[in-house]
Amino acid sequence: MRAGTRDRQRGVTLIELIVAITIVSIAATTILGTMGTVASRSADAMIQQQAIAIGQAYLDEILQRWVVDPNGTPPNTGRGSWDLVDQYNGLTDTGARDQFNNAIAALSAYNVSVAVVASSALPGIASTAVRRVDVTVTRAPNVTVTLSGYRTSY
């Protein structure tokens with residue numbers, strides 16, 4: 001070594017190390033927060049799609065029934081024997097059920113309610129021959145889906 005020359009040491013100072021750690025931690029926190037939000041929303045989309053599928057199944061079942069019974073007075077021995085759209089009015093299921101009113105365990109978190117009303121929404125058809133069916137499916141904490149359909153006696 002010559003006199004008056006200094007060896008230069010390479011490395012980082014404590015302040016540079018703290019700044020680098022801070023920047024990396026902020027970036028990691030932001031990325032993890034975004035990933036958490038995306039994961040949460042993907043679960044919400046699945047729950048929303050399941051609620052739509054349940055509502056559609058109920059609506060399909062109801063719209064296959066008669067508005068005016070061609071056989072006279074229908075039996076009323078339970079949902080499996082209903083043959084009129086109007087019999088579903090006021091139906092409230094805590095937990096989704098099949099068309100024979102059997103509980104579906106995997107869908108117990110969904111609640112279903114049905115409203116059937118005479119409707120004059122279809123021009124040229126008497127309101128006594130038209131029913132609007134509204135099926136509302138809910139699941140806590142924030143999913144509510146309403147599907148509507150019309151059934152006529154024609």
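The values are calculated or read from the model by the stated rules, or taken from the named source; none is laboratory data. Just so it is clear, the model here is predicted, and its values are computed rather than measured. Every residue, glycine among them, receives a Cβ derived from its backbone with ideal geometry; neighbour counts consider all protein chains shown.
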(request) Filter the range 79-98 down to residues that are of a type in the set (A, V, I, L, M, F, W, C) and under 25 Å from the mean Cα position of the chain (by Cα) and give me whichever is surrounded by the fewest Cβ atoms within 10 Å (Cβ to Cβ). (result) Leu91
(message) Could you tell me how many of the residues in the range 1-22 are among the hydrophobic types (A, V, I, L, M, F, W, C), at pLDDT 80 or above and surrounded by fewer than 10 Cβ atoms within 10 Å (Cβ to Cβ)?
(response) 2
(request) Test each condition in (1) within 12 Å of Val67 (Cβ to Cβ); (2) surrounded by 12 or more Cβ atoms within 10 Å (Cβ to Cβ) for Ser148 and report the one that comes out false. (result) (1)
(request) Only strands (runs of 3 or more DSSP E) wholly contained in the range 66-154 count here; list those with 1 or more residues that are among the aromatic types (Phe, Trp, Tyr) and under 27 Å from Ile47 (Cβ atoms). (result) 110-118
(message) Is it the case, given these coordinates, that Gly55 is small (Gly, Ala, Ser) and either at pLDDT below 95 or surrounded by fewer than 10 Cβ atoms within 10 Å (Cβ to Cβ) (or both)?
(response) no
(request) Only residues that are crowded, with 16+ Cβ neighbours inside 10 Å and in contact with a helix residue (DSSP H, G or I) (Cβ under 6 Å, 6 or more places away or on another chain): list them for the range 120-138, please. (result) Arg131, Val133, Val135, Val137
(message) Just to verify a result, which residue in the range 9-52, among those that are under 30 Å from Ser148 (Cα atoms) and of a type in the set (Ser, Thr, Tyr), is nearest to the chain's Cα centre (by Cα)?
(response) Ser42
(message) Pairs please, first residue from the range 110-138 and β-branched (Val, Ile, Thr), second anywhere and assigned to a loop (DSSP other than H, G, I, E, B) and surrounded by 16 or more Cβ atoms within 10 Å (Cβ to Cβ), Cβ atoms under 7 Å, 6+ apart in sequence or on different chains.
(response) Val112/Ala96; Val114/Leu91; Val130/Ser119
(message) Pull out all pairs, ordered by first then second residue, where Cβ-Cβ is under 9 Å, the residues are six or more apart or on different chains, the first lies in the range 33-47 and is outside any helix (DSSP H, G or I) and at pLDDT 75 or above, and the second is exposed (fewer than 10 other Cβ atoms within 10 Å of the Cβ) and of a type outside the set (D, E, K, R).
(response) none
